[in-house]
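The values are calculated or read from the model by the stated rules, or taken from the named source; none is laboratory data. Quick caveat, the model's predicted, so the values are computed rather than measured. So basically every Cβ, Gly included, is an ideal-geometry build from the backbone, and we count neighbours across all protein chains shown.
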Amino acid sequence: MIVERSMDPSWLSNAYLVADKAGGSGFFVDSGAPLAPLIEAAERLDVQVTHLLTTHGHSDHIANHGEIERRFGATVLADQAEAVDGAEPLSHGNVVETGDLHVETLRTPGHSPGGLSFVVNGEACFTGDTLFKDSVGGTRDHFDDVRRSVMDVLMGLPHELRVYPGHTDETTIGREWEENPFVRVWRGVDPEGEERCHVAGEEATLVVWSPDYDGGGKAWVRFRDGRDAIVGGSRVERR
């Protein structure tokens, strides 16, 4: 299996070309990065592109969908909850096959209503904005969904699986099981933090602080009324 990546210099969002072999079949995952290097790779490897798989419908992941559709005639697939124009529906457990590539669809909502992850040939998982190296997807209102998507779905995958996230660096399921600060607290390995902080003027407790893909931080905070949220570190005023 061949994986080529492009990353947008501003959004830091990834787009991927996945192929079974040179001269074979393949697909794109997301499109919110410069396409030129991926198009060059598809032409150099003589890949027949059949599909465009969408992890979620945020603009930094679908910005160039139209170009891929026009150039390759690719079938766009996305969860119905993401409202991606022209996409055919995908849901949990659906399988996409092209050439020697077997793609299992996993529904991983929380960061977005219908977030999807894709396991390819039992070797790699494209996790969109649900799981990153050292971090997880942000959410103000759907904390339980993110936790379930990470712990009940993704952390149940084989630990050797390579993880290709929606932003920046590759990782593995096993590394995140052992080292991701959110996962370690959810596993009960590390305790919840008790530091007081403010988030957009609201008093809160800082439960987890982790590095994030943009070089800043990502925080799990608990507000005084018991609400949990995962927010960008720039929104957290630490005492």
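Structure values in brief
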item	result
When residues of the range 18-68 are limited to those that are of a type outside the set (Ser, Thr, Tyr), touching an Asp or Glu at 6+ places or on another chain (Cβ under 9 Å) and in a strand (DSSP E or B), the one farthest from ASP85 (Cα to Cα)	ALA19
Yes/no for ASP169 being modelled with pLDDT under 95 and not basic (Lys, Arg)	no
When residues of the range 73-127 are limited to those that are in a loop (DSSP other than H, G, I, E, B) and among the hydrophobic types (A, V, I, L, M, F, W, C), the one farthest from MET151 (Cα to Cα)	ALA74
Residue match in the range 196-203 (condition: in contact (Cβ under 8 Å) with a residue 24 or more places away in the chain, under 25 Å from PRO165 (Cβ atoms) and of a type in the set (D, E, K, R))	no
Total residues in the range 62-97, condition over 17 Å from the mean Cα position of the chain (by Cα), within 21 Å of PRO37 (Cβ to Cβ) and β-branched (Val, Ile, Thr)	2
Index of the failed condition, SER13 passing every other in (1) surrounded by 15 or more Cβ atoms within 10 Å (Cβ to Cβ); (2) in contact (Cβ under 8 Å) with a residue 40 or more places away in the chain; (3) farther than 23 Å from LYS133 by Cβ	(3)
Residue satisfying all of: in the range 174-188; of a type outside the set (Lys, Arg) and in contact (Cβ under 8 Å) with a residue 24 or more places away in the chain; surrounded by the fewest Cβ atoms within 10 Å (Cβ to Cβ) among these	GLU179
Sole residue being under 21 Å from ASN14 (Cβ atoms) and surrounded by fewer than 17 Cβ atoms within 10 Å (Cβ to Cβ), chosen from PRO211, PRO191	PRO211
Residue that is surrounded by the most Cβ atoms within 10 Å (Cβ to Cβ), among those in the range 33-46 that are free of Cβ contacts under 8 Å to residues at least 40 places away in the same chain and in contact with a Gly (Cβ under 9 Å, 6 or more places away or on another chain)	ALA42
Residue in the range 189-209 that is touching a Gly at 6+ places or on another chain (Cβ under 9 Å), more than 30 Å from PHE126 (Cβ to Cβ) and of a type outside the set (A, V, I, L, M) present	yes
